[in-house]
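The values are calculated or read from the model by the stated rules, or taken from the named source; none is laboratory data. Not measured: the values here are computed from a predicted model. Positions of Cβ are generated from backbone atoms using ideal geometry, with glycine treated the same way; all protein chains shown enter the neighbour counts.
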Amino acid sequence: MTRRLLPLFLLLLAAGLAPQVLPAFHVTLLNYIGLYSLVALGLVLMTGIAGMTSFGQAAFVGIGAYATAVLTTQYGLSPWLGLLAGLTITLVIATTLGLLTLRLAGHYLPIGTLAWGLALFYLFGNLPGLGGFGGIQNLPDIRILGWDIRNDADFTLVIAVALVVSIWLLDNLLHSRQGRAIRTLKESAGMAEAMGINTARSRLQVFIIAAVLASLSGWLYAHLQRVVNPTPFSVVMGIEYLFMIVLGGVASLWGALLGAALLTLIKQVLQDVLPQVFGHSDNFEMIFFGVLVILVLQYARGGLLPVLRACLPAPRPQPLPTAKAPALPKRPVPPRGAPLLEAEGLVKRFGGLVANKDMSLKVNGGEITALIGPNGAGKSTLFNLLSGVLAPNDGKITFLGQRIDGLSPRAIARLGVSRTFQHVRLLPEMSVLENVALGAHSRGKAGLLRSMLHLERGEEAALLTEATRQIERVGLADYLHTPAGSLPLGQQRIVEIARALCSDPLLVLLDEPAAGLRYGEKQALAQLLEQLRREGLGVLLVEHDMEFVMALSDHIVVMEFGQRLASGTPLEIQENPAVLAAYLGGIE
Amino acid sequence: MDTSILAFLAQDGLTTGAIYALVALALVLVFSVTRTILVCQGDFVTYSALTLATLQLGLVPGTVWLLMGCSIAACLLDCGCALKHRHWRQIPGLLVRYLSLPLVLCGVASYVDLATLPAALQIIMTLAIVTPLGPLLYRLVYQRVAETSVLLLLIISVAVHIALVGISLQMFGAEGVRTHALADTVLMLGDLPVGVQSLLVIASALVLIGLLYAFFGHTLYGKALRATALNRNGAQLVGIPTQLAGKSAFGLAAFIGAVSGVLIGPLTTLYYDSGFLISLKGFVAAIFGGLASYPLAAVSAFLVGVLESFANYGASAYKEVIVFTLVIPVLLWLSLKNPHIEEQH
Amino acid sequence: MSRLLDVRGLSINHGKVEAVRGLDLHLDEGQIVSLIGPNGAGKTTLMAALIGLLPSTGSVAYDGQPLLHHHSVAQRIDRGMALVPESRELFGPMSVEDNLRLGAFSRHRQGFRDHNKTLDEVFALFPRMHERRAQAAYTLSGGERQMLAIGRALMAKPRLLMLDEPSLGLAPRVIGEIFQIFETLRQTGVSILLVEQNARAALKISDYGYVLEIGEIVLEGSAQALAQNPRVVESYLGRKPASADLLTPQPPSATAGAPIATPAA
């Protein structure tokens, strides 16, 4: 904890000292860097970590600025009410825009942000009462407990406090259960849903946080400048915010500050130096920036902070939760051999293609069932139907007697079904412990605010202890704090299984778990699955490796052309002539 | 409002609409082939108009030196690659390919009295200067990152646009320009005055659209570009080099931009930074076409032009707000139609 | 007969997985060679690497000249290689004829202009394509798409035609039709490298075969010998449970092969 707090204290200290030591002009610069950093922080969370690119953050800065400008000059209210109003309006608009546009797929989202960013900008310039493009002047000072915050030097400390608190809150958030969920949003939303994470809600929360930070920056800006006009809230500024985080470190909080500082300082240097060299400077600043961003994106895609960090010694890993946290409640395990999952008469069509026709399947507790079949037989489709990724056109699936066909992956996960993925979906930068803890997401409850305020430590300890238990269970205790991406594939697959086990499932669906594994790794995997079988779990696996399947399974189902071809014990399957024909091929 | 004002506004709207249509077409083309949203398309338009205006004044346009510079840079990059693989024999060919046109243009610009050149030659020279900037841009900036996500390509495009605007200011200064009209006369259609220049713009745009249609539908290279847009793997397997497709798309886009600049130059005052708004409006039209359909994009562009014309007349302060807000439901609809644009990266 | 394709020690890494390991493969001009094996063996990865879509280590020589990693896909196609991938990669909205004509792009770039004649030859081979020449490619059935994909590859007049799972998703009768065409093609001088899950169909028309299992060649020999080798069946359906125990250490597998087939080293 102290390791994280130290840089924040240093920042506050620097902010306190700076106005005494530096000339006034530099203090102004520092203030601007601080204000930009606030916006950039939100953008790092939203774009760098959660993968939603926004060109429109400047519009939210504008909302914060204009709200307080109107309330303080036209209605004579206190700036604090202006802040409140700004934050409220921001919340409302962000929620509306978020609900409308966050569902936009892929690259349509940033285009959407461009659209509303532009729309809001033109509104600022045209709405009556906002002073048009001339703006609003003569905003009053902010008063804190009798202290008038009038000049730049006063603002430095206020901005620094706002920054420090924001970083602390966001840092807490990123190291919590909610934070882990947010980190899946960029590239693994599908996996997140299978772990019970409500990705749509997470995205909206991140969007709102970023908007609120921008709005706060706008409020401070308005009372610093004491003049508000639309120019700083244009899409051009929105693009500059993006440039800041690209330069600084797109996915790190401190990168936001670095990027804001770099951009501001370089602009300043160029404006000072270039007139002396060329006679005028504006154009070169733009050219320089453009080229700089292009170079950074070509050669250092994560921004400059990771490059800097690589030069420093690696930080020590976080200490384990030492307190013995109470164990999380577990589901009652049904008796061995009891039917867990039953699928009957499943049909799935994709246009004219019938991928699954009248498929039936049964998986019992304490047994390993394998689903095999030649390429194109429809195994993946069936798997997706069972795990909730697709909904069947006909037929039904029940789990412990309850209908689950058509339910979302999240709902199915909550009922006690857990899965792994054909192409391993771990978050490579996160430690094994944190990756596995993702599996326990639905066993926790702490919300956004509690996480930010660091008040969910008890629950977090319980979740991490559970994750540790599962990691020990699968035999990877030595790799608790290793980044998951650095493990060989076989161990990554086992981490995925540990993550699946962390949700306390009764049935585990494994998608080609042995693919790409070496012989020794397959042995380890087989032993693990044997162990799960002994403990009463049901296992369904889709596999191509026949050695693996035949040695391990209790029951095998063979598919061909979307239908069930045969089912039985491994020996029965190997001697079934229809199966032989299906695999080795038939010709007329 | 009476019919003459209506006609005037419609004519004005269709004229600018024609330019937006060309911009939209270029955007759709480049996006479908390279997944790049070419934010700087409008800059090709302004570069073209500003270059032509400078030529008409008898001065050497800075664009010719920009072309030279970029050509040298790209040539060096390719020679470097050739050296790395020990293909010495390719180097003379590279030098010729990259440097011959720029050298000729620089020579003409420096030693010929530009103001006395006939208008047609000036136009041809402008097109010759601006069009190669497209493929050079691809080689210098995009080729290396051709496989990254659409998002990253978009951010790079924004950076390119900003750099180009800066260079434009440097080369042409902050003053606006208008080029000499190709035709000053005004026809009378019954009671309605119709400017010949406007007709020329609309006609040229339609002709260009027609030529593009013929190119894509009936030539092998055109079909190859379409194929790359449809299926990049398939295009590779058929022997279409991805770089060729990228450079061709950018080249066509630059050509379309250059022609647009020549057409619109006499009708509007263009400044070094006018490119952004031109790109933006063409982009809105392209979005209405789903970034995929040429006819829809073209029709939307004409509509945007007409809407803008009428809104200007009605002094509506909210015209931009309306247009940009309308983009959102269109995007939502597009998103529902193509849900699986999950860009992994 | 000269050696058209000579692969030695080929290894391909696909992300974290070593998909193919130390592979040796040879194909002489005029031969039809099959690479059979169960799913996940690395067959598609191998094809992708040979055509230049994936990087690899080891040495590959085509027609006596080395193929280096910087030789692009387009360059390999210019030299006479062609690949019909598992996913066909057709240009859906474009017509059958356009798809075919695009197949001649590489020759067009090299200066040849005899595409109409080549088109007629392809139509002669696949009369159904002639019927459907104006239809969009995505309206074709599975078998017709396969024909179109092969026809498109043939428009480049390749010397080495590589096919990845041509029988995939096809009804048995159609498989027979298409595989018969391979025999016809061999007679016109096209060498064929076939990657197939359907071992029977593939071995029936091949001269030589390799069995690929999890990235390594475990068996090779004349097609006739392989067709009679029970080890091939084991490759597909695993060893019977009585003789294998995955949970205890295994000695290297003893290949109970017929004398003509050669187990790989």
For the stretch A:170-182, state whether one or more residues are more than 28 Å from A:Leu455 (Cβ to Cβ) and surrounded by 24 or more Cβ atoms within 10 Å (Cβ to Cβ).
no
Within the stretch A:493-515, considering residues that are under 19 Å from A:Phe548 (Cα atoms) and surrounded by fewer than 23 Cβ atoms within 10 Å (Cβ to Cβ), the one nearest to the other protein chains (Cβ to nearest Cβ)
A:Ala515
Restricting attention to the stretch C:200-214, report how many residues are closer than 29 Å to A:Gly520 by Cα, in contact with a Ser or Thr (Cβ under 8 Å, 6 or more places away or on another chain) and within 11 Å of another protein chain (Cβ to nearest Cβ).
1
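Per-residue answers, yes or no, for (1) of a type in the set (Ser, Thr, Tyr); (2) in contact (Cβ under 8 Å) with a residue 60 or more places away in the chain:
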| position | (1), (2) |
| --- | --- |
| A:Leu157 | no, yes |
| A:Leu163 | no, yes |
| A:Leu173 | no, yes |
| A:Arg177 | no, yes |
| A:Thr184 | yes, yes |
| A:Ala189 | no, no |
| A:Ile197 | no, yes |
| A:Leu213 | no, yes |
| A:Leu220 | no, yes |
Pairs please, first residue from the stretch C:77-88 and farther than 12 Å from C:Pro158 by Cα, second anywhere and surrounded by fewer than 18 Cβ atoms within 10 Å (Cβ to Cβ), Cβ atoms under 8 Å, 6+ apart in sequence or on different chains.
C:Pro85/B:Asn233; C:Ser87/B:Asn233
Out of A:Ile287, A:Ile239, A:Ile266, report the one residue that is at pLDDT 80 or above and touching a helix residue (DSSP H, G or I) at 6+ places or on another chain (Cβ under 7 Å).
A:Ile239
Are there helices (runs of 4 or more DSSP H) fully within the stretch C:19-118 with at least 1 residues that are over 27 Å from C:Arg132 (Cα atoms) and more than 8 Å from chain B (Cβ to nearest Cβ)? List them.
C:43-51, C:73-78
So A:Gly303, is it surrounded by 16 or more Cβ atoms within 10 Å (Cβ to Cβ), modelled with pLDDT under 80 and farther than 30 Å from A:Thr468 by Cβ:
yes
Out of B:Ala205, B:Ala249, B:Ala229, B:Ala235, I need the residue that is within 13 Å of another protein chain (Cβ to nearest Cβ) and either closer than 18 Å to B:Leu25 by Cβ or assigned to a loop (DSSP other than H, G, I, E, B) (or both). Which one?
B:Ala229
Segments classed as helices (runs of 4 or more DSSP H), wholly inside the stretch A:403-502, with at least 3 members that are under 21 Å from A:Lys522 (Cβ atoms) and of a type outside the set (Lys, Arg):
A:489-501
Which numbered condition B:Leu270 misses (of (1) of a type outside the set (Asp, Glu); (2) within 26 Å of B:Asp184 (Cβ to Cβ); (3) within 14 Å of chain C (Cβ to nearest Cβ)):
(3)
Condition check for B:His180: touching a residue at least 24 places away in the same chain (Cβ under 8 Å), closer than 27 Å to A:His107 by Cα and either part of a helix (DSSP H, G or I) or over 17 Å from the mean Cα position of the chain (by Cα) (or both):
no
Within the stretch A:21-70, which residues are without any contact (Cβ under 8 Å) to a residue 40 or more places away in the chain and either within 12 Å of A:Val212 (Cα to Cα) or of a type outside the set (Val, Ile, Thr) (or both)?
A:Leu22, A:Pro23, A:Phe25, A:His26
The residue that is farthest from the chain's Cα centre (by Cα), considering only those in the stretch A:225-234 that are in a helix (DSSP H, G or I) and surrounded by fewer than 24 Cβ atoms within 10 Å (Cβ to Cβ), is A:Gln225
Number of the condition not met by A:Leu320 [criteria: (1) in contact with a Leu (Cβ under 8 Å, 6 or more places away or on another chain); (2) at pLDDT 65 or above; (3) surrounded by fewer than 17 Cβ atoms within 10 Å (Cβ to Cβ); (4) more than 12 Å from every other protein chain (Cβ to nearest Cβ)]
(2)
Among residues of the stretch C:201-216, those that are among the small types (Gly, Ala, Ser) and part of a helix (DSSP H, G or I), counted:
2
Among the candidates B:Pro61, B:Pro102, which residue alone is more than 30 Å from B:Ala301 (Cα to Cα), without any contact (Cβ under 8 Å) to a residue 40 or more places away in the chain and crowded, with 20+ Cβ neighbours inside 10 Å?
B:Pro102
Are there any pairs with C-beta distances below 9 angstrom linking a residue in the stretch A:287-308 that is more than 7 Å from every other protein chain (Cβ to nearest Cβ) to a residue that is among the hydroxyl-bearing types (Ser, Thr, Tyr), with the two at least 6 apart or on different chains, and if so which?
A:Arg301/B:Thr148; A:Gly302/A:Ser252; A:Gly303/A:Ser252; A:Leu305/A:Ser252; A:Pro306/A:Ser252
Can you confirm whether B:Ala311 is modelled with pLDDT under 85, more than 8 Å from chain A (Cβ to nearest Cβ) and either surrounded by fewer than 19 Cβ atoms within 10 Å (Cβ to Cβ) or not in a helix (DSSP H, G or I) (or both)?
yes
Part of a helix (DSSP H, G or I), within 30 Å of A:Leu292 (Cα to Cα) and either aliphatic (A, V, I, L, M) or away from chain A (no Cβ under 14 Å) (or both): which single residue out of B:Tyr142, B:Tyr98, B:Tyr138 fits that description?
B:Tyr98
Filtered residues of the stretch A:121-155 (kept if in contact (Cβ under 8 Å) with a residue 60 or more places away in the chain and assigned to a loop (DSSP other than H, G, I, E, B))
A:Leu130, A:Gly131, A:Phe133, A:Gly134, A:Gly135, A:Gln137, A:Asn138, A:Leu139, A:Pro140, A:Asp141
May I ask you to verify whether A:Phe243 is surrounded by fewer than 20 Cβ atoms within 10 Å (Cβ to Cβ) and within 13 Å of chain B (Cβ to nearest Cβ)?
no
If you go through the stretch C:180-194 one residue at a time, do you hit one that is within 14 Å of chain A (Cβ to nearest Cβ), more than 26 Å from C:Phe112 (Cβ to Cβ), surrounded by 18 or more Cβ atoms within 10 Å (Cβ to Cβ) and without any contact (Cβ under 8 Å) to a residue 60 or more places away in the chain?
no
Of all residues in the stretch A:385-396, which are surrounded by 18 or more Cβ atoms within 10 Å (Cβ to Cβ) and within 31 Å of the chain's Cα centre (by Cα)?
A:Leu385, A:Leu386, A:Ser387, A:Gly388, A:Leu390, A:Pro392
